[in-house]
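Down below is the structure, laid out as structure tokens.
Just so it is clear, none of the values below were taken in a lab; they were calculated from the coordinates. Given the structure is predicted, the values throughout are model-derived calculations rather than measurements. In this analysis, Cβ positions are derived from the backbone assuming ideal geometry, glycine residues included, and neighbour counts consider all displayed protein chains.
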Amino acid sequence: MNNNNLSVIAKNIRKNIIEMIYEAKSGHPGGSLSCTDIMTYLYFEKMNINVENPKDENRDRFVMSKGHAAPALYAVLAEKGFFPKEQLMNLRKIGAMLQGHPDAKNIPGVDVSTGSLGQGISNAVGMSLGLKHKKSKSKVYAVLGDGEIQEGLVWESAMAAGHYKLDNLVAILDYNGLQIDGKNEEVMTISPIDKKFESFGWNVVVCDGHDYEDIDKAFGKIIEGKPTIIIAKTIKGKGVSFMENEAGWHGQAPNLAQKEVALVELSK
């Protein structure tokens with residue numbers, strides 16, 4: 001694993017996230033920036049995927065359960081070569097391929113359409129179960145938001161995954177502590193996350209979601225016989241000083257001056 005290479009890729013992805021949300025005049029920068037390092041690690045280090053054949057039966061699957069972080073997914077897919085980067089600047093425009101939430105029908109590399117919170121991880125459980133029935137060695141990776149796990153559907157999915165011992169499923173929680181209305185613990189407490197997932201029969205691992213060595217160690221702790229959730233501690237708006245740890249940047253586009261400041265910071 002080349003940490004410097006991953007860092008350079010992540011910087012490019014973050015820059016594109018800022019650029020595309022600015023061009024769209026809407027979108028979700030905070031949660032897109034917080035999960036960028038996780039996404040970079042998955043697509044450029046961990047997952048078995050085929051850019052030339054996005055529907056390869058032997059590929060690993062990815063589900064962006066927190067579908068509002070679509071800019072992170074789109075920027076990663078473009079960086080990987082699934083479609084030209086020029087498409088990013090058409091985010092959320094009428095008739096464009098890249099809409100506000102991932103669309104599996106029209107976007108190369110997107111396995112599941114997501115947006116309604118909780119439904120992404122539900123799809124991931126079903127995909128994992130299907131791959132088990134087919135005796136496939138492929139894995140399913142799903143990124144969830146911490147505010148998202150307030151949804152009851154998440155816990156039904158967790159129950160099913162534990163019951164069927166879906167050890168081909170790896171969920172990664174983007175644990176930045178904030179959601180659209182403020183701090184998770186003030187909106188509706190989600191603690192203790194580890195004990196809750198353990199009670200449903202999951203293998204629980206904790207890591208720093210911005211440290212590639214730590215992320216890599218976490219993925220090395222996936223075990224047989226249980227689904228795994230990696231609780232990745234992250235910073236909302238990571239990389240842009242005025243966005244970091246600010247709930248207000250959950251779903252707000254930067255203006256021109258803010259965009260320029262953000263790009264300068266991300267270029268350092």
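Among beta bridges from DSSP that stay inside region 102-188, the antiparallel ones total about 25%. Taking amide hydrogens as placed 1.01 Å from N in the peptide plane, the amide H of Asn203 sits under 5 Å from those of Thr228, Ile229, each at least 5 positions away in sequence or on another chain.
Rounded, prolate or oblate: which one fits region 92-201, using the alpha carbon gyration tensor with axes a ≥ b ≥ c (rounded when a/c is under 1.5, else prolate when a/b beats b/c, else oblate)? The shape class here is oblate.
Centroid-to-centroid, using Cα positions, region 1-61 and region 71-89 are 8 Å apart. Test of understanding: in a Gaussian network model of the chain with alpha carbons linked when under 10 Å, which of Lys15, Lys221, Lys137 would top the mean-square fluctuation ranking? With Cα springs under 10 Å in the chain, the top fluctuation among Lys15, Lys221, Lys137 is at Lys137. Extension gain, Trp155 to Lys221: 0.36 nm times the residue separation minus the Cα-Cα distance gives 21.5 nm. Net charge of the neighbourhood of Leu91, taken over other residues with C-beta under 11 Å away and scored Lys/Arg +1, Asp/Glu -1, is +1. Across region 234-247, coupling constants 3J(HN,Hα) worked out from phi with the 6.51/-1.76/1.60 Karplus curve, θ = phi - 60°, read 10, 10, 4, x, 3, x, 10, 3, 7, 9, 5, 6, 10, 4 Hz, and Gly and Pro carry x. DSSP beta bridges fully contained in the chain are about 10 percent antiparallel. Checking the Cα-Cα distances for Lys46/Lys137; Lys55/Lys233; Lys11/Lys195; Lys80/Lys139 against a 24 Å cut-off, the pairs over it are Lys55/Lys233; Lys11/Lys195. Seen from Lys268, the other residues with C-beta closer than 12 Å to its C-beta sum to a net charge of +2, counting Lys and Arg as +1 and Asp and Glu as -1. Peptides 40-47, 83-90 ranked from most to least packed by the mean count of surrounding Cβ atoms within 10 Å: 40-47, 83-90. Summing +1 for each Lys or Arg and -1 for each Asp or Glu among the other residues whose beta-carbon sits under 15 angstrom from that of Ala232 gives -4.
Oblate is the label for region 1-100, because a/c, from the alpha-carbon gyration tensor with a ≥ b ≥ c as root eigenvalues, is 1.5 or above and a/b does not exceed b/c.
Taking label positions 7 Å along the Cα-Cβ direction at both Asp56 and Asp214, the computed distance is 3.2 nm, reported to one decimal. Shape of the chain from the C-alpha gyration tensor: prolate (a/c of 1.5 or more and a/b above b/c, with a ≥ b ≥ c the square roots of its eigenvalues).
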